[in-house]
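Below you'll find the structure, written out as structure tokens, and then a few comments.
The values are calculated or read from the model by the stated rules, or taken from the named source; none is laboratory data. Not measured: the values here are computed from a predicted model. Here the Cβ positions follow ideal geometry from the backbone for every residue, glycine too, while neighbour counts run over all protein chains shown.
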Amino acid sequence: MAIAFLSAERSKDPNRQVGACLVSENGVILGIGYNGFPRGCSDDKLPWAKKSKTGNPLETKYPYVCHAEVNAILNTNHASAAGQRLYVTMFPCNECAKIIIQSGVSEVIYFVEKRLNDTDAAYVASRKLLSMAGVKVRKLQPQMDHLLIQFEDP
């Protein structure tokens, strides 16, 4: 999960940075991702806004952003996601759930839900899909409350 949090730091989304890390049964990192625009699409030329001032959805980030889960699965250098675990800093939406299922991921470990105790259709659908597909889902119970990385000579 620490790798997922580190990858989230790469996101330029001013509202929410999400990270994901795909890990093999043996604990080998297969793919890492964060929420951002597709390769070749400049972070400076597309909008990061959650809402449009004019009501135009193309002035928001939503039609353009690739979610962290998708990027982690696609950034595997052709390693299969089948049977692997996906660590993600936030519970996946329904669109990511479909990709998680289709790629064969066997377990999703998340840190926080976007909207706790909410009836948001995307997250209700996500839980339903993951359950129906037999993907194990669990909230991470951290064994430590922080991780410090120092960039100094010892």
Does any residue in region 136-154 that is assigned to a strand (DSSP E or B) come within less than 9 Å, Cβ to Cβ, of a residue that is loosely packed, with under 10 Cβ neighbours inside 10 Å and of a type outside the set (Val, Ile, Thr) six or more places away or on a different chain, and which pairs are these? none
Cβ pairs under 6 Å, 6+ apart, first in region 24-40 and of a type outside the set (Val, Ile, Thr), second in a strand (DSSP E or B) and surrounded by 10 or more Cβ atoms within 10 Å (Cβ to Cβ): SER24/LEU30; LEU30/LEU22; GLY31/LEU22; GLY33/ALA20; TYR34/GLY19; PRO38/CYS66
Here the residues within region 68-99 that are of a type in the set (A, V, I, L, M, F, W, C), touching a helix residue (DSSP H, G or I) at 6+ places or on another chain (Cβ under 6 Å) and without any contact (Cβ under 8 Å) to a residue 60 or more places away in the chain are VAL70, ILE73, ALA81, CYS93, CYS96, ALA97, ILE99
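Could you check, for region 100-114, whether at least one of its residues is more than 17 Å from the chain's Cα centre (by Cα), surrounded by fewer than 17 Cβ atoms within 10 Å (Cβ to Cβ) and at pLDDT below 95?
No.
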Which condition number in (1) surrounded by fewer than 11 Cβ atoms within 10 Å (Cβ to Cβ); (2) assigned to a helix (DSSP H, G or I) is the one that VAL124 fails? (1)
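Please note which helices (runs of 4 or more DSSP H) are completely contained in region 1-105 and include at least 3 residues that are in contact with a Phe, Trp or Tyr (Cβ under 8 Å, 6 or more places away or on another chain) and within 26 Å of LEU148 (Cβ to Cβ).
Numbers: elements: 2-8, 68-74, 94-103.
By residue number, 2-8.
Does PHE37 satisfy the criteria of being surrounded by 17 or more Cβ atoms within 10 Å (Cβ to Cβ), over 14 Å from ALA4 (Cβ atoms) and touching a strand residue (DSSP E or B) at 6+ places or on another chain (Cβ under 9 Å)?
yes
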